[in-house]
1. Consider residue 360 carefully, then state whether it is over 22 Å from residue 43 (Cβ atoms) and at pLDDT 90 or above.
2. Within region 19-36, how many residues are part of a helix (DSSP H, G or I), in contact (Cβ under 8 Å) with a residue 12 or more places away in the chain and surrounded by fewer than 13 Cβ atoms within 10 Å (Cβ to Cβ)?
3. Does any residue of region 416-431 turn out to be buried (at least 22 other Cβ atoms within 10 Å of the Cβ), part of a helix (DSSP H, G or I) and modelled with pLDDT of 90 or more?
4. Give me the residue from region 41-57 that is more than 13 Å from residue 268 (Cα to Cα) and in contact (Cβ under 8 Å) with a residue 40 or more places away in the chain and, out of that set, surrounded by the most Cβ atoms within 10 Å (Cβ to Cβ).
5. For the structure I just gave you, tell me whether residue 216 is at pLDDT below 80, surrounded by fewer than 17 Cβ atoms within 10 Å (Cβ to Cβ) and not assigned by TED's automatic domain parsing to the domain that holds residue 397.
6. Testing residue 324 on (1) modelled with pLDDT of 90 or more; (2) surrounded by fewer than 22 Cβ atoms within 10 Å (Cβ to Cβ); (3) farther than 30 Å from residue 144 by Cα, one condition comes back false. Which one is that?
7. Please return the ranges of helices (runs of 4 or more DSSP H) entirely within region 131-204 where 3 or more residues are closer than 25 Å to residue 260 by Cα and modelled with pLDDT of 85 or more.
């Protein structure tokens with residue numbers, strides 16, 4: 001039996017069930033419709049090998065969760081206590097994040113004055129890579145903003161749940177959220193904006209499930225509003241980047257479906273082709289797609305180290321990224337979409353031994369959830385990042401991304417600051433515990 005805490009709406013058990021069910025459902029996509037919209041062969045439609053591969057990977061993932069639920073993790077870290085958290089720390093984190101977002105947005109707009117007009121014309125992607133190259137150092141600070149917002153949102157919800165709302169912090173958070181969303185829209189970084197919203201949703205659902213007002217009806221209504229909001233943001237950034245054109249019919253409905261199929265379905269089609277041996281990706285088979293975060297250690301040029309020269313690793317992450325587009329085109333796939341899903345990235349490195357990778361994946365996710373659920377400071381900052389990656393199994397392997405190590409370092413820093421700034425209950429702003 002899995003311990004009771006894992007029955008949470010935001011546990012890896014629940015999130016994996018959501019994403020895993022969707023992954024299995026992709027096998028039943030109508031072949032003709034997909035081919036007409038995406039202009040590529042539908043390899044996953046009715047593919048039994050892909051279905052079985054997904055089943056075994058999901059079973060291994062759940063085994064890892066079960067193993068983590070049965071184990072105790074040693075930790076002397078203090079738990080989150082709303083009476084002991086200094087509001088000045090939360091305010092400082094929000095002010096820092098707001099200032100960063102406003103400054104970054106201003107820097108981008110002033111450096112690229114034609115950006116807004118091009119984005120409104122659907123040509124924003126002409127600037128996207130230039131912005132990334134120009135502000136690479138500022139971009140590296142995004143995890144600070146991300147973790148600060150997550151921790152602050154947890155604090156706000158904990159205060160509200162305890163019947164001790166903090167209006168000033170709430171207003172400051174709204175300002176920070178608006179500034180951050182505007183920044184990510186200007187950067188046209190859907191891959192950062194949507195994960196942030198998923199992370200905040202995980203925190204909100206964590207407290208919503210504990211609320212005395214919790215009901216299935218309210219849950220469905222709130223999730224429906226979230227879904228509509230995500231779809232709206234998805235199309236806003238897609239239109240700005242000019243990614244919603246269909247080479248075929250070009251009708252409004254087909255353009256919308258094209259974007260949705262491309263980003264939420266085509267990755268599983270690429271997985272099916274990879275399983276059949278028909279898709280060869282650059283640098284596969286050396287762990288690069290599942291442990292790529294090891295090549296993105298801040299301040300270390302890992303690609304130049306002699307120890308890796310005997311392996312088939314690229315000279316830079318950018319070269320690998322460009323090679324993925326070329327691989328799609330050479331195999332007759334739509335080159336606009338290069339994701340293979342988390343299952344596909346595991347297969348590229350480990351083949352059918354991917355089941356062992358998913359067992360470790362489940363063990364890690366379960367461990368991080370236990371820290372989050374117990375109120376551990378590091379778990380509060382980091383598990384939402386882990387959980388939103390489970391939701392996005394249809395995309396790339398987020399736990400292998402360049403953001404992994406910076407996210408860990410920032411989460412550790414904020415957790416340390418939170419422990420240091422925590423006040424003894426008798427000296428806290430909220431008085432002694434009742």
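1. Numbers: over 22 Å from residue 43 (Cβ atoms): yes; at pLDDT 90 or above: yes.
So residue 360 fits the description; yes.
2. Here is the first cut: in region 19-36, the ones part of a helix (DSSP H, G or I) are 19-28, 31-36.
From the residues that got through so far, the ones that are in contact (Cβ under 8 Å) with a residue 12 or more places away in the chain too are 19-20, 22-24, 26-28, 31, 34, 36.
Now drop any that are not surrounded by fewer than 13 Cβ atoms within 10 Å (Cβ to Cβ), which leaves 28.
Adding up the residues that qualify gives 1.
3. no
4. 57
5. On the way: at pLDDT below 80: yes; surrounded by fewer than 17 Cβ atoms within 10 Å (Cβ to Cβ): yes; not assigned by TED's automatic domain parsing to the domain that holds residue 397: yes.
Taking the combined requirement at face value, the residue satisfies it.
6. Condition (3) is where residue 324 drops out.
7. Working: elements: 136-139, 142-161, 167-187.
Per the criteria, 167-187.
Here is a yes/no grid of residues against (1) closer than 24 Å to residue 16 by Cα; (2) crowded, with 20+ Cβ neighbours inside 10 Å; (3) in contact with a strand residue (DSSP E or B) (Cβ under 7 Å, 6 or more places away or on another chain):
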site: 146; (1), (2), (3): yes, yes, no
site: 152; (1), (2), (3): no, yes, no
site: 167; (1), (2), (3): no, no, no
site: 176; (1), (2), (3): no, yes, no
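The values are calculated or read from the model by the stated rules, or taken from the named source; none is laboratory data. Because the structure is a prediction, the values reported are computed rather than measured. Neighbour counts are summed over all protein chains in view; Cβ atoms, including those assigned to glycine, are modelled from backbone coordinates with ideal geometry.
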